[in-house]
1. Select from region 131-159 the residues that are under 21 Å from the mean Cα position of the chain (by Cα) and surrounded by 14 or more Cβ atoms within 10 Å (Cβ to Cβ) and list them in ascending order.
2. Inspect all residues belonging to region 213-234 and state whether any of them is aromatic (F, W, Y), crowded, with 16+ Cβ neighbours inside 10 Å and in a helix (DSSP H, G or I).
3. For a quick check of your reading of the model, give me the residue pairs whose first member lies in region 242-262 and is part of a helix (DSSP H, G or I), whose second is of a type in the set (K, R) and open to solvent by 10 Å² or more (accessible area, probe 1.4 Å), with beta-carbon atoms closer than 8 Å and at least 6 apart or on different chains.
4. For region 322-335, check the following and say yes or no: at least one residue is of a type in the set (A, V, I, L, M, F, W, C), assigned to a loop (DSSP other than H, G, I, E, B), more than 29 Å from K158 (Cβ to Cβ) and open to solvent by 10 Å² or more (accessible area, probe 1.4 Å).
5. Determine whether region 108-124 contains at least one residue that is touching a residue at least 40 places away in the same chain (Cβ under 8 Å), within 18 Å of A319 (Cα to Cα) and either open to solvent by less than 40 Å² (accessible area, probe 1.4 Å) or among the aromatic types (F, W, Y) (or both).
6. Spot the failing condition for G165; the list is (1) in contact with a Gly (Cβ under 9 Å, 6 or more places away or on another chain); (2) of a type outside the set (D, E); (3) open to solvent by 50 Å² or more (accessible area, probe 1.4 Å), and only one is missed.
7. Any residue at all in region 261-273 that's hydroxyl-bearing (S, T, Y) and surrounded by 16 or more Cβ atoms within 10 Å (Cβ to Cβ)?
8. Can you give me the number of residues within region 175-206 that are in contact with a Lys or Arg (Cβ under 6 Å, 6 or more places away or on another chain) and in a strand (DSSP E or B)?
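The values are calculated or read from the model by the stated rules, or taken from the named source; none is laboratory data. Keep in mind the model is a prediction, meaning the values are calculated, not measured. Glycine also receives a Cβ, built like all others from the backbone with ideal geometry; neighbour counts cover every protein chain displayed. Heavy atoms of the whole protein, side chains included, go into the accessibility calculation; ligands, DNA and RNA do not. Shrake-Rupley method; radii C 1.70, N 1.55, O 1.52, S 1.80 Å.
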Amino acid sequence: ARAPRLATARAGALASQSRSGAGQEAGMTGRGRKGRVALAWRLCASVTAAVACVALCCFELAARAEELEGAFVGWGGEITRSGGARAALVLSNGEAMPAVGFGTCLGSQTFAAVTSALESGYKLLDTAQAREWYDEDEVARAFLASGVDREGIWITTKLHPKDLGYDSTLEAVKRSMERFHTGYIDLFLLHYPRCWESLCGKEHMPKGTWRESWRALEAAYAAGHVRAIGVSNFSPDELRELAAFAKEGPHVVQSWADPLHQGRQERAAAKSIGAAYTAYSSLGTQWNERPNPVLAHPVLMRIGAEHNVTSAEVALAWALARGMAVIPRSASASHQRASLRAAGLELSDDEVAAIDELDGTHARARRVRSS
């Protein structure tokens, strides 16, 4: 935005110089023909210079816009593909978040699985305060027992929706910091925009709203208690409402996306507000079917066979190619290592396009669209 204002200022200065020069020229030459010709040439030169200046500034602005457009690959962030745990997604505030993280919704297996994931080289742990699905205490215990350097691990956690509200959100941030024995959380998300009775119960419904919680996250971010803030499970309309309301961020949007349910509207909304996108359940677990419709899909299996990798690695590589961070979970050490390898798998444009075509093709997805 500065370039056009600069061009206008330069044009104005040149016009002022032209008017001054015109007066001096008239004084020196009177009203003779030679004086008028000289004055005309001087004015033409000044106008030409002004036009050239504006054109140059516009060219520079367009080149900068093209450069920025090229930098933000996919949806709302730039992925640096250095392979495995080193692949990172650059957020809008400049923080580099690992692009392949470890999901920790693993029940009684949490401690052992997190321990194994850290040994395998994962640099991001994704957890939450909702004990209905996660065990943040066990994630923290495994992290602290591992001896891994705090600076080398990105910790993502989420607010239980029963704690929506300003003060309760600040208290929740403090609780997570205490559990991990750390002075900051890398990424703190609002897990849901609201709570519901079957989750929170009538006696534990939140006292506040996501708007109050967002103001609290902004305060925690300003205080340095969190490095980035964001939301999970917000609809596209809610994301746009958040963007209009927020003073800071959101830096990350987390939601469900896999090859059969690609979350295109949510991804587009995240990109439109400058947020990076993290896909959860990217290996088909949300379908809750056997066989897993993503991992058993013939297109992914064919591509996997051509690369000598699993269909899970193909699904993750596709998500990364589309600019999404991923947080696969598994209690199996071999599966954990395979998921990390997905960051080094380069799919062809045709292979990515073939997976793009799978969006909404699952029978259940077709029934939902037609209902």
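1. Within region 131-159, I153, W154, I155, T156, T157, K158, L159 meet the criteria.
2. Checking region 213-234: at least one residue is aromatic (F, W, Y), crowded, with 16+ Cβ neighbours inside 10 Å and in a helix (DSSP H, G or I).
3. Final answer for the pair search is F245/R211.
4. no
5. yes
6. (3)
7. No: zero hits.
8. Going through region 175-206 one residue at a time, the tally reaches 2.
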